[in-house]
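What follows is a single structure, written as C-alpha cells, with notes after it.
The values are calculated or read from the model by the stated rules, or taken from the named source; none is laboratory data. The model shown is predicted, which means the values in this text are computed figures rather than measured ones. Positions of Cβ are backbone-derived with ideal geometry, glycine not excepted, and every protein chain shown enters the neighbour counts.
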Amino acid sequence: MNMAKYAVIRLGGHQYKVSEKEEFLVDKLADEAAPEILLVADGEKVSVGKPKVAGAKITLKKVEDLKGEKIDVYKYKAKSRYRKKIGFRPSYSRLLVVKIKT
C-alpha cells in the first residue's frame, strides 16, 4: 500500500492538510509567514507534535495573489422599507508546497 507524504500545518489561524507539490489557497499573506507543523505522515510513520513537531520543516512558495468570487450580503427588514446590499470579494494567496522534511 503506497501512502503519500503529507503534513498538517497551521498558517494564519487556519489548519491545512498539505502534500508535496500541491497548491492550496490561504487568506492573503503580506509576507512569507512560517507555518507551524502539527503533524507529519510519511507512509506508515506518523509524527504528532505537542503542539509542534520538533525538527520538521516545510518549504512553501507563494505562486500568486488573487481575489475570490464575489459574495453578496443582503439585509432586509419587513414592513419598514429597509433594504441593504453589500458586496465582498475575499483576497487569497496561492501557495505551493515544495518540500516536506521530517
> Do we have any residue at all in region 62-72 that's over 27 Å from K17 (Cβ atoms), free of Cβ contacts under 8 Å to residues at least 60 places away in the same chain and part of a strand (DSSP E or B)?
Replying inline: yes
> Does K52 satisfy being within 18 Å of V8 (Cα to Cα), surrounded by 10 or more Cβ atoms within 10 Å (Cβ to Cβ), among the charged types (D, E, K, R) and in contact with a strand residue (DSSP E or B) (Cβ under 9 Å, 6 or more places away or on another chain)?
Replying inline: yes
>> Restricting to region 1-60, and then to whatever is out of contact with any Phe, Trp or Tyr (no Cβ under 9 Å at 6 or more places or on another chain) and of a type in the set (S, T, Y), can you tell me which residue is farthest from R94 (Cα to Cα)?
In response: S47
> Taking region 12-27, which residues are assigned to a strand (DSSP E or B) and within 9 Å of the chain's Cα centre (by Cα)?
Replying inline: H14, Q15, Y16, K17, V18, F24, L25, V26, D27
> Any idea which of (1) touching a Leu at 6+ places or on another chain (Cβ under 6 Å); (2) basic (K, R); (3) surrounded by fewer than 10 Cβ atoms within 10 Å (Cβ to Cβ) is the one K85 doesn't satisfy?
Replying inline: (1)
> Taking region 74-102 only, how many residues are part of a strand (DSSP E or B) and either within 30 Å of E20 (Cβ to Cβ) or touching a residue at least 60 places away in the same chain (Cβ under 8 Å) (or both)?
Replying inline: 11
> Going through region 31-53 one residue at a time, which ones are under 11 Å from T102 (Cβ atoms) and among the charged types (D, E, K, R)?
Replying inline: D42, K45
>> A78 - would you say it is of a type outside the set (F, W, Y) and closer than 17 Å to L11 by Cα?
In response: no
>> Looking only at region 14-32, how many residues end up being exposed (fewer than 13 other Cβ atoms within 10 Å of the Cβ) and at pLDDT below 90?
In response: 3
